[in-house]
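Inspection log for the structure reproduced underneath, given as structure tokens.
The values are calculated or read from the model by the stated rules, or taken from the named source; none is laboratory data. Computed from a predicted model, the values in this text were never measured in an experiment. No Cβ is skipped: glycine too gets one built from the backbone with ideal geometry, and neighbour counts run over all protein chains shown. The accessibility values were calculated without ligands, DNA or RNA, using every heavy atom of the protein model including side chains. Shrake-Rupley method; radii C 1.70, N 1.55, O 1.52, S 1.80 Å.
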Amino acid sequence: HLPAPAMASIQASASLAQRVAVVTVAVTATHAFKHNVAEFTLCEGPSMMPTFHAQGDIVVVNHTVARGNADDVHVGDVVVAKSPTTPGGNVCKRIMAKEGSEVRIFSETGNTSRRRKGETPKTFVVPRGHVWLQGDNVNNSSDSREYGPVPVALLKGRVDYRVFPFAHYGAVERRIPVSWVKAGFVDDE
């Protein structure tokens, strides 16, 4: 038998080791979940208005879809992608077109909300392994009209739910914004 102080020291060490193990497992599981299953993120800025508020909405990004596989996402899905222009940054945009689709852009500046009378659009075909991302707010969005088609490999996941503000909690709809139809990007289907 060990003396009582030695036994207490052994028990305290075992208890500390158990706590460290539990914390290590919890941190590892949280990290794995965040990077492979889903995470909360803030989509902010005016480019996705009116779908999201300019001051920011907290959304759930589903990482089980869109990670390098164009078959997992569809035109009208909102996605989070690594920014093609800002290292370490992300963009939250809607998929306007997938590989092989034709995109029409009006005006030299890319401001496509107003079609000039008689203007012929520039047309682009989205290359293999890419998507065309665009904000719902066509007048105030930095998107594929500026940086071109985005490699599918940059997609981090699909935005499935908005969780805050609570008044707008719910699923994020896959749709074609009316502003895109009015601007002539897509046909009214």
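Here's a check for you: in region 29-56, which residue that is in a helix (DSSP H, G or I) and polar (S, T, N, Q) is modelled with the lowest pLDDT?
Applying the filter and picking the extreme gives ASN36.
How many residues, within region 111-131, are modelled with pLDDT of 90 or more and outside any strand (DSSP E or B)?
Matching residues across region 111-131 total 4.
What residue, among those in region 83-99 that are open to solvent by less than 20 Å² (accessible area, probe 1.4 Å) and basic (Lys, Arg), is nearest to GLU44 (Cα to Cα)?
The residue in question is LYS93.
If you go through region 95-110 one residue at a time, do you hit one that is within 18 Å of ASN140 (Cα to Cα) and modelled with pLDDT of 90 or more?
Checked region 95-110: at least one residue is within 18 Å of ASN140 (Cα to Cα) and modelled with pLDDT of 90 or more.
Name the single residue, out of those in region 133-159 being under 13 Å from VAL79 (Cα atoms) and small (Gly, Ala, Ser), that is surrounded by the fewest Cβ atoms within 10 Å (Cβ to Cβ).
Result: ALA153.
Could you list, in sequence order, all residues of region 138-187 that are assigned to a loop (DSSP other than H, G, I, E, B), modelled with pLDDT under 90, farther than 26 Å from ALA38 by Cβ and of a type outside the set (A, V, I, L, M, F, W, C)?
ASN139, ASN140, GLY184, ASP187
State yes or no: is VAL59 in contact (Cβ under 8 Å) with a residue 60 or more places away in the chain, buried (at least 21 other Cβ atoms within 10 Å of the Cβ) and touching a Phe, Trp or Tyr at 6+ places or on another chain (Cβ under 8 Å)?
So VAL59 fits the description; yes.
On the given criteria, is VAL65 farther than 17 Å from ASP136 by Cα, among the aliphatic types (A, V, I, L, M) and surrounded by 15 or more Cβ atoms within 10 Å (Cβ to Cβ)?
yes
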